[in-house]
Amino acid sequence: MKTLFTNQVDLSKVNTLIYHLPDGPTFSVEINGSDSSLDFDMEFGDVCDTSDIDGVLHFFPRGNA
């Protein structure tokens with residue numbers, strides 16, 4: 001079986017991951033430029049990568065995006 005869509009995100013410029021929970025609250029995690037990558041294949045939603053601007057990666061789960 002082939003994977004058609006991969007959503008790997010490069011964390012080299014990311015300082016903070018902000019997970020936007022349904023109904024408004026957010027959960028933030030400090031990443032601090034890890035050389036690894038996150039794999040959002042198990043998550044459903046949208047990613048907004050503003051790490052080039054302010055070092056922040058936003059994740060909006062489906063139903064909240």
### Task
Provide the per-residue ³J(HN,Hα) series for region 12-24, in order, calculated from phi with Karplus coefficients 6.51, -1.76, 1.60 and θ = phi - 60°, each as a whole number of Hz, with x at glycine and proline positions.
4, 10, 8, 9, 9, 9, 10, 9, 8, 6, x, 6, x
### Under 5 Å, built H, 5+ apart or other chain: amide partners of Gly45
Arg62
### Task
Hey, can you grab everything whose amide H is under 5 Å from the amide H of Val9? Only 5+ residues off in sequence or another chain; H modelled, so Pro and N-termini drop out.
Leu38, Phe40
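FYI, it's all coordinate maths here, none of it is from the lab. Computed from a prediction, not measured in an experiment: that's the story for all the values here.
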